[in-house]
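Scroll down for the structure; my scribbles are underneath it.
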Amino acid sequence: MESLTLQHFLTLSAVLFSLGVFGVMTRRNTVVVLMGIELILNAANINLVAFSRFNSNLDGQMMAIFIILLAAAEAAIALAIILNVYANYRTVNLDEIDQLKE
């Protein structure tokens, strides 16, 4: 049975990162954009943990924990903003919220 190599983790990370960027660039729903950002952050975490594992160094794992904490705080703040935007505009579609441009 073949063991997992660094290339497997890098491939998984690249796929997750691509899906996240695709979600952020193509969707107009703010919740889906937020989920795309979370995918991008998790792709970075997979890279950090994989390099940490294969280099026998704990620095990458510590950075991954820090990124997880930042992602949790970012999600809480973003969801609060989305709820306030929905309360004012009755939509979460980014194209329909254009009053801030003026």
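Evaluated against (1) open to solvent by 50 Å² or more (accessible area, probe 1.4 Å); (2) more than 12 Å from the chain's Cα centre (by Cα); (3) not acidic (Asp, Glu), Val92 falls short on exactly one condition, (1).
Looking only at the range 7-44, residues that are under 23 Å from Ala80 (Cα atoms), polar (S, T, N, Q) and either touching a Lys or Arg at 6+ places or on another chain (Cβ under 8 Å) or assigned to a helix (DSSP H, G or I) (or both) come to 3 in all. Here Arg27 clears all of (1) open to solvent by 90 Å² or more (accessible area, probe 1.4 Å); (2) over 16 Å from Leu94 (Cβ atoms) except the condition numbered (2). Listed by first and then second residue, the pairs with beta-carbon distance under 7 Å, at least 6 apart or on different chains, first residue in the range 62-88 and over 18 Å from Val33 (Cβ atoms), second among the polar types (S, T, N, Q), are Ala64/Asn45; Ile67/Asn45; Ile68/Asn45.
Being farther than 18 Å from Ser13 by Cα, without any contact (Cβ under 8 Å) to a residue 24 or more places away in the chain and surrounded by fewer than 16 Cβ atoms within 10 Å (Cβ to Cβ), is that true of even one residue in the range 48-55?
no
Restricting the range 1-13 to residues that are open to solvent by 50 Å² or more (accessible area, probe 1.4 Å) and free of Cβ contacts under 8 Å to residues at least 40 places away in the same chain, the residue that is farthest from Asn93 (Cα to Cα) is Met1.
Rundown of residues vs (1) surrounded by 14 or more Cβ atoms within 10 Å (Cβ to Cβ); (2) touching a Pro at 6+ places or on another chain (Cβ under 8 Å); (3) among the small types (Gly, Ala, Ser), yes/no style:
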{"site": "Val32", "(1), (2), (3)": "yes, no, no"}
{"site": "Leu39", "(1), (2), (3)": "yes, no, no"}
{"site": "Ala44", "(1), (2), (3)": "yes, no, yes"}
{"site": "Met62", "(1), (2), (3)": "no, no, no"}
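Scanning the range 90-101 for any residue that is on the phi < 0 side of the Ramachandran plot, aliphatic (A, V, I, L, M) and in a helix (DSSP H, G or I) turns up at least one such residue. Against the numbered list (1) of a type in the set (Asp, Glu); (2) within 14 Å of the chain's Cα centre (by Cα); (3) open to solvent by 70 Å² or more (accessible area, probe 1.4 Å), Glu74 comes up short only at (3).
The values are calculated or read from the model by the stated rules, or taken from the named source; none is laboratory data. The model shown is predicted, which means the values in this text are computed figures rather than measured ones. Using ideal geometry, Cβ is built from the backbone for each residue, glycine included, and neighbour counts are taken over all protein chains shown. Calculation scope for accessible area: heavy atoms of the full protein, side chains included, ligands and nucleic acids excluded. Shrake-Rupley method; radii C 1.70, N 1.55, O 1.52, S 1.80 Å.
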